[in-house]
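Student: Pasting a structure here, questions to come.
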Amino acid sequence: MTLPSVHRLYQAINTTWPARATCQEAGWEIRDGAGGGKRVSAVTLAQTELPDIDWVEARLSEQGQEHLFMIRDGDEILDAALAARDYKIIDPVTLYLCETTPLRPASLPRAQSYCIWEPLHIMREIWATGDIREKRIALMHRVQTPKTALLARSGDSPAGVGFLALDGEIAMLHAVEVLPAFRRTGVAKKLMAQAAKWAEDHGAKYVALMTTRDNQAANRLYSSLGMRPVGHYHYRIKDTT
């Protein structure tokens, strides 16, 4: 089976974790993230040639936005141009992908994981421990494709959450958060198993997600589950204060 390309995954990210508004001007795609984080606020290239960086910097300043760019695979010319302007790299990310069926277990532990929409109050509290608050919850509500929130327990205690949404054959997992007291106890695996079940039940052929390269525990977990690193991106930001 031919896996989706990294550029197909970038599209799925945009669909399943959308900005409030986007516009394409002068070769750039400019996002209004509405406080939803870097992924929905960063500028990206909208053409193959390098557009006018001075123009987009001026536009971002007019709108009161950070000078923040997402650098995807194939954006090496932009990356070099921003480096020359003293933009710093932040949050390098690895994209993981696998087929859905091998990730789904034969059975799920009884009463240990759930698909719930809309998110419960306890789920919002767990997300808040990872600084995933109302503006990002509002972002989840903006998703127009099939979606669900995930809840996993450790024994009788709610312990971890996630958000899953479809873009065609891809189920994209976002906002995984496990309470510190329950990390390395199998909670994240319960979330992943529930995500795979929901994805397969909704016709997805693949499960994809992303995590920062510095998150060694998450990278080890996803690799241990058979997920493959299939692409990368990072951000470039400039201090304009």
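Each value in this text was obtained by applying a stated rule to the coordinates, not by laboratory testing. This structure is a prediction, so every number in the text was calculated from the model and none was measured. No Cβ is skipped: glycine too gets one built from the backbone with ideal geometry, and neighbour counts run over all protein chains shown.
Student: Using θ = phi - 60° and the Karplus relation 6.51 cos²θ - 1.76 cosθ + 1.60, list the HN-Hα couplings for segment 153-169 in order, rounded to whole Hz, with x at every Gly or Pro.
Tutor: 10, 10, x, 9, 9, x, 9, x, 9, x, 10, 10, 8, 9, 10, x, 7
Student: Now for a different question. Rounded to the nearest 0.05, what FRET efficiency do A84 and R220 give with R0 = 45 Å and r taken as the Cβ-Cβ distance? Could you check? Display every interim value, and only then the final one.
Tutor: Working: r = 35 Å, r/R0 = 0.79.
My answer for the efficiency is 0.80.
Student: Extending each Cα 7 Å along its Cβ direction at A21 and S5, get the distance between those two points in nm, one decimal.
Tutor: 3.1 nm
Student: What is the distance in Å between the Cα centres of segment 105-161 and segment 14-85?
Tutor: 30 Å
Student: Shifting gears a bit: Cα to Cα, under 22 Å, and not fewer than 8 places away if on the same chain: which lysines meet these conditions relative to K189?
Tutor: Straight-line reach from K189, under 22 Å: K147, K197, K205.
Student: Given +1 on the Cβ of Lys and Arg, -1 on the Cβ of Asp and Glu, and no further charges, what dipole in debye does segment 158-241 carry about its Cα centre, rounded to the nearest 20? Please report the intermediate quantities before stating the final value.
Tutor: Values: 11 positive and 7 negative charges, 74 e Å.
Rounded to the nearest 20 debye, it is 360 debye.
Student: Restrict the search to segment 73-169; then list the trypsin sites (Lys or Arg not before Pro) that DSSP places in a loop and that have at most 10 other Cβ atoms within 10 Å of their Cβ. Show your work: numbers first, answer last.
Tutor: Values: sites: R85, K88, R110, R124, R133, K135, R136, R142, K147, R153; in loops: R85, R110, R133.
Answer in residue order: R110.
Student: Let me ask something else about it. Relative to the Cα centre, what is the charge dipole magnitude of segment 97-230, using +1 at the beta carbon of each Lys and Arg, -1 at the beta carbon of each Asp and Glu, and rounding to the nearest 20 debye? Numbers along the way, then the final one.
Tutor: Working: 18 positive and 12 negative charges, 55 e Å.
It works out to roughly 260 debye.
Student: Moving on to the next point. Considering the options T211, G168, S223, tell which one lies farthest towards the positive end of the dipole of segment 97-230, charges being +1 on Lys and Arg and -1 on Asp and Glu at the Cβ, about the Cα centre.
Tutor: So the residue we want is S223.
Student: To continue, here is another question. Quick one: what do you get for segment 36-93 if you divide its Cα Rg by 2.2 N^0.38 Å? Kindly include the intermediate steps, with their values, before the conclusion.
Tutor: Working: Rg = 11.1 Å, N = 58, 2.2 N^0.38 = 10.3 Å.
Compared with the compact-globule rule of thumb, segment 36-93 sits at 1.08.
Student: Here is a follow-up. Hey, what's the Cα Rg ratio for segment 97-230 versus the globular rule of thumb, 2.2 N^0.38 Å?
Tutor: Working: Rg = 13.6 Å, N = 134, 2.2 N^0.38 = 14.1 Å.
Here the answer is 0.96, to two decimals.
Student: While we're looking at this one, here's another question. Relative to the first principal axis of the alpha-carbon coordinates of the chain, what is the inclination of helix 187-201, with its axis defined by its Cα atoms, in degrees from 0 to 90 and to the nearest 10?
Tutor: 90 degrees
Student: Within 10 Å, at most 15 other Cβ atoms, and a DSSP state outside H, G, I, E, B define an exposed site. Report the longest part of the chain free of exposed GluC sites (Glu not before Pro).
Tutor: On the way: sites that count: E49, E169.
Longest gap between qualifying sites, sites excluded: 50-168.
Student: About the Cα centre of the chain, how large is the charge dipole given +1 on each Lys and Arg Cβ and -1 on each Asp and Glu Cβ? Please answer in debye to the nearest 20.
Tutor: Numbers: 29 positive and 28 negative charges, 243 e Å.
In debye, rounded to 20, the chain gives about 1160.
Student: Take A58 and D131, extend 7 Å from each Cα along the Cα→Cβ direction, and tell me the distance between the two endpoints in nm.
Tutor: Spacing of the two 7 Å Cα→Cβ label points: 3.3 nm.
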